[in-house]
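The structure appears right after this line, and notes come after that.
The values are calculated or read from the model by the stated rules, or taken from the named source; none is laboratory data. Predicted, not measured: the structure shown is a model, and the values here were computed from it. When we count neighbours, we look across all protein chains shown, and the Cβ atoms used for this are built from the backbone with ideal geometry, even at glycine. What goes into the accessible areas is simple: the full protein's heavy atoms, side chains included, and nothing from ligands, DNA or RNA. Shrake-Rupley method; radii C 1.70, N 1.55, O 1.52, S 1.80 Å.
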Amino acid sequence: MKHLLKLGDLSREELLSVLNLADQLKYERRNGIRGEYLKGKKLGMIFQKSSTRTRVSFETGMYELGGYALFLSNRDLQIGRGEPVQDTARVLSRYLDGVMIRTFEQKEVEDFAKYGSIPVINGLTDYCHPCQVLADLMTVRERKGTFRDLKLCFIGDGNNMANSLMVGSVKTGMRFSIACPKGYEPDRALTEWASAEGDVLVTRDVMEAAKDADVIYTDVWASMGQEEERTLRINAFRGYQVNAEVMRAAKKDAIVLHCLPAHRGEEITADVFEEHAEEIFEEAENRLHAQKAVLCKLLK
Ligand code: CP
Ligand code: NVA
């Protein structure tokens, strides 16, 4: 494992090994064992979009591992004034031990890895969000004890979250279903790959997708960078909401996950959100453990 640019880059074994290490690091933290596995290592964190969880979990994660994290916003970096990523990558590679990037185009993350010489971690692009899905898979296994015979259902926009969840489900052997409006399907090439490798359903029908699901997942209707499409999207996604009726279609003991931030009354009702808050905030906590595991694998 050299980088984490997208989940598809990890073999099933590598993915499970990250999750196992994440469980161990969570246990150690809960029991006051401080493992400074990355003592003296430096991580750059480039943010071209807002963040609460990703920024704070990476920064505290590096601190807890004995390393140091630098927050680099595109408002301050020369990248924001047009310095090419190829040059930024070659410069930062001489100062840092690794870099995490949150940006728009997947190509930017791939280019950084191509031109730089340090590990690159994708902290969200328009295409995917691998760090989030590692935490999600960790949460599913914690709650359900296994991935075997599980069905994960995503309701909403087929973009970064849905793409990564589809790959993560297939890699761990879960069935995956997505209900989305026409024109908002997940990436076509990824869907073809996932359908050949696993059990995947893409439908317009929310109830069909949610039927007997063990995990119900949703995400905002308008992602970062799509603010201008907000009204259009609110209209397009009406009906694609996780609510009590959808939960009745899922298994009785189904869990609800949300990457956050959440918009109550849009993709999820306030009632369902609060009923499942325990799972959702554990999922948010697991970002820290899962990313510490990724950092250990890549930077040690
Ligand atoms: N889920 C997630 O990535 O949250 P942030 O945008 O707050 O980092
Ligand atoms: N789809 C959302 C995920 C946020 C974590 C976005 O890209 O804004």
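Annotations for the structure displayed:
- Think of segment 94-142 as a dipole: +1 on every Lys or Arg Cβ, -1 on every Asp or Glu Cβ, centred on the Cα centre; then among Tyr95, Thr139, Gln106, Tyr95 lies furthest on the positive end.
- A viscosity of 0.890 mPa s and a temperature of 25 °C, combined with the Kirkwood radius over Cα pairs in Stokes-Einstein, give a translational diffusion coefficient for segment 152-300 of 156 µm²/s.
- Full extension of the chain between Asn235 and Tyr68 yields a length gain of 55.7 nm, computed as 0.36 nm times the residue separation minus the alpha carbon distance.
- Calculated FRET efficiency for the pair Ser195/Glu83, C-beta based, R₀ 41 Å, to 0.05: 0.50
- Our note on the geometry: Cα centres of segment 79-103 and segment 120-147, 25 Å apart.
- With contacts taken as Cα pairs under 8 Å and at least 6 residues apart, segment 82-235 reaches a relative contact order of 19 percent.
- Cα pair distances exceeding 22 angstrom across segment 112-229, given as percent: 33
- Solvent-accessible area, 1.4 Å probe, carbon plus sulfur percent, for the chain: 48
- Nearby aspartates and glutamates by direct alpha-carbon distance to Lys252 (threshold 18 angstrom, same-chain neighbours under 8 apart not counted): Glu142, Asp149, Glu208, Asp212, Asp214, Asp271, Glu274, Glu275, Glu278, Glu279
- When peptides 161-167, 32-38, 51-57, 107-113 are sorted by average Cβ neighbour count within 10 Å, with the highest value leading, the order is 161-167, 107-113, 51-57, 32-38.
- If both residues of a DSSP beta bridge must be in the chain, then about 0% of such bridges are antiparallel.
- Check: segment 101-193 dipole with +1 on Lys, Arg Cβ and -1 on Asp, Glu Cβ, in debye: 460
- Accessible surface, the chain, averaged per residue in Å² (probe 1.4 Å): 44
- Our Cα-only numbers for the chain put the radius of gyration and Dmax at 18.6, 54 Å.
- Magnitude of the charge dipole, segment 1-119, Cβ model with Lys/Arg +1 and Asp/Glu -1, debye to 20: 260
- Binning all Cα-Cα separations of segment 14-135 at 5 Å, short to long from zero, yields these whole-percent fractions: 2, 10, 19, 23, 22, 13, 6, 3, 1, 0.
- About the Cα centre, charge dipole magnitude for the chain (Lys/Arg +1, Asp/Glu -1 at Cβ), debye: 880
- Positive-end residue, segment 1-48 charge dipole about Cα centroid, Cβ charges, pick of Ser17, Tyr27, Met1: Tyr27
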